[in-house]
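The values are calculated or read from the model by the stated rules, or taken from the named source; none is laboratory data. The structure displayed is predicted, hence computed values, not measured ones. Cβ sites come from the backbone with ideal geometry, for glycine too, and all protein chains shown count toward neighbours. Note: areas computed on protein heavy atoms with side chains; ligands, DNA, RNA excluded. Shrake-Rupley method; radii C 1.70, N 1.55, O 1.52, S 1.80 Å.
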Amino acid sequence: MQARKLGIEGALAFTPPVYRDDRGLFTSPYQDAPFTGARGTSLFPVRDISHNLSARGVLRGIHYTTTPPGRAKYVYCPYGRVHDYLVDLRVGSPTFGRWEAAELGGDDCRALYIPVGVGHAFLSLEDDSMVVYVMSHGYVPENELAVSPLDPELGLPLPDGYDLAQSERDTAAPTLAEALAQDLLPAYDTCRKVEAELWQ
């Protein structure tokens, strides 16, 4: 498995080998030894595994969790294809406001480690694209927040040719500057502390 540090502090990308034959394919999107080698610890204790299925053009995010409690995530796309985005929302982070984009899909099974306080979004490039989330905490609706993926100041590179479909919550989400002014974003030091405590 190939591991790569991303331009957002603490975020990682993993590309596993994919074994194909006339029956289909086999792969392991999470492998402990490469993850531990890249991050210095095994994956957090898993508290929730979820997935969604999205039609072509569905834009989800930018989602993040109030910190504390915060949530770290490990995500991959076993079926279909998505254009995935990570955005550093941690106030005080050396990479605050920076984004990273990557295509995830069932043919390469690339996975991303998303630290506490880093926002996540994706655009579904095909019908029935599935994204799987392995998470450090369960879902609590009142703790879940969003920043607009269409914020012109962020400038996420959304591919052309898609009729975007968003939830009401995502459509109404504030820009990064608005979320910062409303004190809705997590502090970098708090995120680091919460993340360190996941393994205790």
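Structural remarks
- Normalising the average separation of contacting C-alpha pairs (under 8 angstrom, six or more residues apart) by the number of residues puts the relative contact order of the chain at 28 percent.
- Highest-first arrangement of 137-143, 17-23, 123-129, where packing means the average Cβ count within 10 Å: 123-129, 137-143, 17-23
- For segment 94-165, a/c is less than 1.5, where a ≥ b ≥ c are the root eigenvalues of the C-alpha gyration tensor. That puts it in the rounded class.
- Top of Leu180, Leu53, Leu25 by mean-square fluctuation, Gaussian network on the chain, Cα under 10 Å: Leu25
- For segment 71-172, the fraction of 1.4 Å probe accessible surface lying on carbon and sulfur atoms is 49 percent.
- Take the chain with all the other protein chains still there, run a 1.4 Å probe, and you get 48 Å² of accessible area per residue.
- Relative contact order (percent, whole number), segment 1-106, Cα cutoff 8 Å, 6+ residue spacing: 24
- When the chain is treated as a GNM with alpha-carbon contacts under 10 Å, the residue of Thr27, Thr171, Thr36 showing the greatest mean-square fluctuation is Thr36.
- Listed candidates [x] 1, 7, 13, 16, 16, 13, 11, 9, 6, 4, 3, 1, 1, 0, 0, 0; [y] 1, 8, 14, 19, 17, 12, 9, 6, 4, 3, 2, 2, 1, 1, 0, 0, 0; [z] 1, 8, 16, 21, 22, 17, 10, 4, 1, 0, 0, 0 - label of the one calculated as P(r) over Cα pairs in 5 Å bins from 0, in percent: [z]
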